[in-house]
1. Does A:A134 satisfy the condition of being more than 30 Å from A:E200 (Cα to Cα) and either surrounded by 18 or more Cβ atoms within 10 Å (Cβ to Cβ) or not charged (D, E, K, R) (or both)?
2. Applying the selection to region A:185-221, what residues are under 30 Å from the mean Cα position of the chain (by Cα), within 8 Å of chain B (Cβ to nearest Cβ) and buried (at least 19 other Cβ atoms within 10 Å of the Cβ)?
3. Of these, B:I271, B:I225, B:I234, B:I242, which one is buried (at least 18 other Cβ atoms within 10 Å of the Cβ), touching a helix residue (DSSP H, G or I) at 6+ places or on another chain (Cβ under 8 Å) and either more than 23 Å from B:A50 (Cα to Cα) or among the basic types (K, R) (or both)?
4. Within region B:208-225, track down each residue that is closer than 17 Å to B:F96 by Cβ and charged (D, E, K, R).
5. Sort out which residues of region B:165-184 are in a loop (DSSP other than H, G, I, E, B), within 11 Å of another protein chain (Cβ to nearest Cβ) and buried (at least 23 other Cβ atoms within 10 Å of the Cβ), and write them in order of number.
6. Can you go through B:T251, B:T279 and tell me which one is polar (S, T, N, Q) and either buried (at least 22 other Cβ atoms within 10 Å of the Cβ) or part of a loop (DSSP other than H, G, I, E, B) (or both)?
7. Quick one: how many residues across region B:185-214 are touching a strand residue (DSSP E or B) at 6+ places or on another chain (Cβ under 8 Å) and surrounded by fewer than 16 Cβ atoms within 10 Å (Cβ to Cβ)?
8. Residue pairs, Cβ under 7 Å, 6 or more apart or interchain, first in region B:31-59 and farther than 16 Å from B:L4 by Cβ, second of a type in the set (S, T, Y). List them.
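The values are calculated or read from the model by the stated rules, or taken from the named source; none is laboratory data. Not measured: the values here are computed from a predicted model. Note: ideal-geometry Cβ built from the backbone for every residue, glycine included; neighbour counts use all protein chains shown.
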Amino acid sequence: MMRAWRKFKESYLLYSFLHDKVAIVSFTILLVLVVGSFSAPLIAPHDPYDTATIDIMNSELPPFLLGNGSGSSEFPLGTDSQGRDMLSTMLYGMRISILIGLGAVAMQAALGIMLGLLAGYIGKKVDAVLMRLADIQLSFSTMMVAIVLSAVFQSMFGVGRYEEMAVPFLIIVIGIAEWPQYARTVRASVMAERKKEYVEAARVIGFSSSRIMWRHILPNTLSPILVISTVQVANAVMSEAALSFLGLGMPPTQPSLGSLINSGFEYIFSGSWWITIFPGILLVVLILVINLLGDWLRDVLNPKLYKG
Amino acid sequence: MTKLLQVNDLVVKFGLRAGDLTALNGITFSLDPGERMGLVGESGAGKSVAGFSVINLIGKPGFIASGNVVFEGEEISSLPLEKMRDIRGNRISMIFQDPMMTLNPVLTVGTQMMETVLAHKKVSRAEARETALENLRKVYIPSPEKRLEQYPHELSGGMRQRIVIATSLITNPSLIIADEPTTALDVTIQAEIMDLLLELCEKERKGLILITHDLGVVSQVTRKIAVMYAGRIIEKGETDKIVRNPQHPYTRGLIAALPQTEQRGKRLAQIPGMMPNLTSIPPGCAFNPRCPHAMDICRTREPEMFPCPETGGETACFLLDQERK
């Protein structure tokens, strides 16, 4: 344990992190957002899921400091159309967004890495079939897959059931729609790695193909996987927001950032801009810091890349 | 006594679109337990293919067309993959040229060594670790406990090749195939590694096939030698006799091309021409276009192996036949 810590302290990863201001700032903001959203039940002033505490009389209150006295110090960022505290709702919503983002990426990675490894290592027909599948998958946009699947789901199980199953459903939809990103990246690295001598040496030692694939080749393809993972988390969060904005994602009773933006959208012209703008800013900041961290990680893990 | 290894008239072909290419054209050799043999020849003569075909691991599109390999009395050239995997790395192990490339860069030395033990023996992880340590000590690696935790890039080239050797010994194989084990190392390390390999093989009576183009290395370590040219063995015999008194014109050329101290100031001899491409092997003896002694028969008929008392082996050259007549 101590050794691992010391190794980490001496590592190039940490060194370059500490010498990159953008990375430090992005990481700090991301940390604050993640910690804030996952400890929402502890730190949020209100519980947006508890209908007993919501008072319709408090609806559409402006943010406290900008409201020229009409706001209430109880709701620092104002309230939405149902009288829920915006700050609390955003924290809870971001928790759902991040959860779906991470879950969807885990799903994409599991599918994509497995299929990419098989395609790259076995090659030939397996490769051709899997990669054509990936091409077909990529020719459907995430939106289209989600619309079709959610229509099927809702007609099979009913809308009520959908509200309960929305989180796992969105994870699966975004996971299925984007696995080819992983599969292609992994396949490309595997094809480069499998020609290397250590793979031949592993065969000479008598290891089975699956062992060579998982234990010897996969760890050597980790750096591109890490890099696309960051980008994919940001993409998944955005896909979720887009789906929710279109009303295909999280229901208004458990709003994610996307459904919050959507629910405020109809009030934007009546002057209640804060219901849409605040979750929007939060979403942009979240995506931006994840992408900035991804850029930094790519530069660190791929020193050959020319950075102009 | 059963032979450790017998390779009988082995033909290896590569299936290409333009037709099958013969990479090994009927090679035959055998090894007693604990015996060391050198396999020499120019690049492309088929030395490495010969090494790989012993453990039936010729990369596609290569395949064994005829002949067989008998290891410790068991024919292994037609074994199913599962059984073959038990032999690879366990009873026959292989050492490659470049230790930088043959160790996995992202796994620690310990992981890689222990994995090899665990793949072939039913032992606990702690026992595997002990075996790994023991083998690192055998190859004189200082502070072996520390090495187990290190990654290949943290070690020097010589150290890495020692680790490769330790890994190849870890399952106690009876035959080691070393494919140019010292080519990627500098000269002083080369000598160290060869001495180490020799010592370990002698101490534990392991068979060794040393594949190399360096006759100097071979004469240091092996008792027997087989010279390959264009996919055939053209001369075999006892190492010191062949090095001192080579019979085949090709072997003579190879030995004349070695730098020697008494020829100070003179140009090194070289064999004119190049080894033929496998797609265009000349009829008759494959060496005839480059041979200073080529006769008419060399251009039409392939020479068989003639027994040769001078080297204690056999030589595929009509010169030896003619002299006898």
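1. Working: more than 30 Å from A:E200 (Cα to Cα): no; either surrounded by 18 or more Cβ atoms within 10 Å (Cβ to Cβ) or not charged (D, E, K, R) (or both): yes.
Judged against the criteria, A:A134 is not a match.
2. Result: A:H216, A:N220.
3. Numbers: B:I225 fails: either more than 23 Å from B:A50 (Cα to Cα) or among the basic types (K, R) (or both); B:I234 fails: either more than 23 Å from B:A50 (Cα to Cα) or among the basic types (K, R) (or both); B:I242 fails: either more than 23 Å from B:A50 (Cα to Cα) or among the basic types (K, R) (or both).
On inspection, the qualifying residue turns out to be B:I271.
4. Correct list: B:D214 only.
5. B:I170
6. Working: B:T279 fails: either buried (at least 22 other Cβ atoms within 10 Å of the Cβ) or part of a loop (DSSP other than H, G, I, E, B) (or both).
So the residue among B:T251, B:T279 that is polar (S, T, N, Q) and either buried (at least 22 other Cβ atoms within 10 Å of the Cβ) or part of a loop (DSSP other than H, G, I, E, B) (or both) is B:T251.
7. Residues flagged as touching a strand residue (DSSP E or B) at 6+ places or on another chain (Cβ under 8 Å) and surrounded by fewer than 16 Cβ atoms within 10 Å (Cβ to Cβ) within region B:185-214 amount to 0.
8. Once the first residue is farther than 16 Å from B:L4 by Cβ and sits in region B:31-59, its partners that are of a type in the set (S, T, Y) give B:V40/B:T212; B:G41/B:Y229; B:A45/B:Y229; B:N56/B:S77.
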